[in-house]
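The values are calculated or read from the model by the stated rules, or taken from the named source; none is laboratory data. Fair warning: this is a prediction, and the values are worked out from it, not measured in the lab. Here Cβ is always computed from backbone atoms with ideal geometry, including for glycine, and neighbour counts include all displayed protein chains.
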Amino acid sequence: MILTPPPTEQASGHVAEMYADDLAADGLVFAHTRAMALNPEAHQAFEALVGAVVGSLGLRDYELVTLAAAEALGSTHCLLAHGRKVIAGGILTEDQMGQLVRDHRVTGLSDREIAMMDFARRLSTDAAGMTDQDSLALRAHGFTDRQIADIALTAAARNFFSRTLLALAVPVDEVPGLTPSVREAVMESRHAGSRRSTDVSGLAG
């Protein structure tokens, strides 16, 4: 990344809070945090959007949709950060996380969860090709209209965040607390994500 974020010693307001959160949790300020600190108002808006969708989905569904979108985009930053969150939170085991970044359909998740992750992956790779059939597929699994909208918003929000980091060539930091096997699986998925075929249109019919 060639852009220069605010220095730690000069941070104030929301930027200081962003940096302090990273330092308190891991003893360093992550490169992706510094990148988003270039526009703290945009980061606050992103946080507000996340807060607006988690309520209807619940943390587990939010994280799974986030991971699906990040995997489809090949976003190492977000896969590492949210991979740690889901493992630490007991949402997925380390083995499941390692499998998920290769193919979320073989992780032992429910059909309902796979459906929403398929939706998130398709939004991230072929949003222009989506139709009402994609939403109907979620309805068939019991999602309410509000939840369907929030699944779309969650995946779209991850596209905003992940694509910004990728476009700015933000370095990928080591994320403490992840085993080498999980990190290796995530790093491999970065290269496979942009090449992997995402044919989920047939699942919605």
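Things worth noting here:
- Of everything in the stretch 106-129 that is surrounded by 21 or more Cβ atoms within 10 Å (Cβ to Cβ) and of a type in the set (A, V, I, L, M, F, W, C), the residue that is farthest from Arg34 (Cα to Cα) is Ala115.
- Members of the stretch 12-34 that are aromatic (Phe, Trp, Tyr) and under 19 Å from the mean Cα position of the chain (by Cα): Phe30
- Residues being closer than 19 Å to Ala137 by Cα and either of a type in the set (A, V, I, L, M) or touching a helix residue (DSSP H, G or I) at 6+ places or on another chain (Cβ under 8 Å) (or both) - total across the stretch 84-114: 5
- In summary, Asp103 fulfils each of the numbered conditions (1) within 18 Å of Glu63 (Cβ to Cβ); (2) surrounded by 21 or more Cβ atoms within 10 Å (Cβ to Cβ) with the single exception of condition (2).
- Neighbours by Cβ (under 6 Å, 6+ apart or cross-chain): first from the stretch 11-34, free of Cβ contacts under 8 Å to residues at least 60 places away in the same chain; second in a helix (DSSP H, G or I) and among the aliphatic types (A, V, I, L, M): Thr33/Met18
- In the stretch 1-42, residue surrounded by the fewest Cβ atoms within 10 Å (Cβ to Cβ) [restricted to those that are of a type outside the set (Val, Ile, Thr), in contact with a helix residue (DSSP H, G or I) (Cβ under 8 Å, 6 or more places away or on another chain) and not in a helix (DSSP H, G or I)]: Leu3
- Across the stretch 160-187, the qualifying residues are those that are acidic (Asp, Glu) and exposed (fewer than 14 other Cβ atoms within 10 Å of the Cβ), and the one among them that is modelled with the lowest pLDDT is Glu184.
- Whenever a residue of the stretch 120-148 is in contact (Cβ under 8 Å) with a residue 40 or more places away in the chain, its partners that are surrounded by 13 or more Cβ atoms within 10 Å (Cβ to Cβ) and part of a loop (DSSP other than H, G, I, E, B), lying with C-beta atoms within less than 7 angstrom and at least six residues away or across chains, give the pairs Arg121/Thr198; Arg121/Val200; Arg122/Met130; Arg122/Thr198; Arg122/Val200; Leu123/Met130; Thr125/Thr198; Asp126/Thr198.
- Cross-chain or 6+ apart pairs with Cβ under 6 Å, the stretch 156-178 first and in contact (Cβ under 8 Å) with a residue 40 or more places away in the chain, then outside any helix (DSSP H, G or I) and aromatic (Phe, Trp, Tyr): Asp173/Phe30
- Restricting Asp134, Asp118 to residues that are in contact with a Phe, Trp or Tyr (Cβ under 7 Å, 6 or more places away or on another chain) and modelled with pLDDT of 90 or more narrows the list to Asp134.
- Test: residue in the stretch 47-68 that is farther than 21 Å from Arg163 by Cα, buried (at least 22 other Cβ atoms within 10 Å of the Cβ) and touching a residue at least 60 places away in the same chain (Cβ under 8 Å): yes
- Selected residue [in contact with a helix residue (DSSP H, G or I) (Cβ under 7 Å, 6 or more places away or on another chain) and under 19 Å from Arg158 (Cβ atoms)] from Ala70, Ala45, Ala81: Ala70
- Annotation note: of Ala52, Ala20, Ala35, the sole residue that is out of contact with any strand residue (DSSP E or B) (no Cβ under 8 Å at 6 or more places or on another chain), modelled with pLDDT of 95 or more and closer than 14 Å to Ala157 by Cα is Ala52.
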